[in-house]
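Working notes, beginning with the structure itself.
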Amino acid sequence: MTKRPKDMIDILDRTKLFEILNKLKADDKPAFGAMTAQHMVEHLAFTVCFSNGKEPQQHHYTADKEQKIKALVIDSDKDMPIGFKSPVLPTEGLPILKHSRLISAIDNLKTELNDFDNYFLNHPFNKPINPTMGELNYKEWVRFHNRHFTHHLSQFRLLENDLVSSEDKNGNNDTSDTKSPNR
């Protein structure tokens with residue numbers, strides 16, 4: 001199922017974004033993947049840091065591969081596929097949580113998004129590196145974050161038209177054979 005534009009998260013609409021995130025409970029189970037609710041929020045904050053100047057990244061792929069991933073993630077309206085492991089994530093298991101509680105992680109995400117705004121107000125022509133897609137300008141980062149946030153909020157069934165139902169039509173809950181360009 002492809003998300004209609006009205007179903008896409010807009011990171012610039014912080015009121016709506018945090019109304020949705022505040023529905024998240026620490027013990028909510030994902031529809032796919034291994035992240036806990038707090039891991040997901042901390043993961044989103046971590047990726048925002050790539051674009052707000054706090055966690056500069058390096059290129060991990062060839063320019064050709066970066067462009068292919070960018071075409072799939074930035075230039076497409078298809079849902080972000082499930083299951084890709086970013087080269088900056090641990091190869092095994094989940095990252096260690098940085099915050100003691102989910103609400104602290106959500107507050108940190110607010111801070112990182114505000115710092116994203118301020119970074120581009122002060123550096124409007126900068127192109128921070130995304131580890132899988134290379135240099136992105138402000139508009140491309142907003143598009144990426146919108147799609148990435150939509151993907152992960154759907155992971156926890158926080159959107160009206162989720163990307164993945166908790167069970168497929170056969171009653172299976174296995175999404176392990178799918179591929180994704182970015183978690």
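The values are calculated or read from the model by the stated rules, or taken from the named source; none is laboratory data. Predicted model, so just to flag it, every value in this text is computed and none were measured. Methodologically, a virtual Cβ is constructed for each residue, glycine included, from the backbone with ideal geometry; neighbour enumeration extends over all protein chains shown.
Per the conditions (1) surrounded by 12 or more Cβ atoms within 10 Å (Cβ to Cβ); (2) at pLDDT 95 or above, the sole criterion not satisfied by Leu94 is (2). Residues in the range 88-114 that are farther than 17 Å from Cys49 by Cα and touching a helix residue (DSSP H, G or I) at 6+ places or on another chain (Cβ under 6 Å): Leu94, Leu102.
Scanning the range 121-145 for residues that are assigned to a helix (DSSP H, G or I), among the hydrophobic types (A, V, I, L, M, F, W, C) and surrounded by fewer than 20 Cβ atoms within 10 Å (Cβ to Cβ) gives Leu121, Val142. Residues in the range 47-91 that are surrounded by 14 or more Cβ atoms within 10 Å (Cβ to Cβ), in a loop (DSSP other than H, G, I, E, B), over 15 Å from the mean Cα position of the chain (by Cα) and not hydroxyl-bearing (Ser, Thr, Tyr): 6 in all.
Would the range 10-18 turn up any residue that is more than 17 Å from the chain's Cα centre (by Cα) and β-branched (Val, Ile, Thr)? Explain how you work it out, then say what you get.
Pass one, the range 10-18, residues more than 17 Å from the chain's Cα centre (by Cα): 15.
From what's left, β-branched (Val, Ile, Thr): 15.
Yes, some residue in the range 10-18 is more than 17 Å from the chain's Cα centre (by Cα) and β-branched (Val, Ile, Thr).
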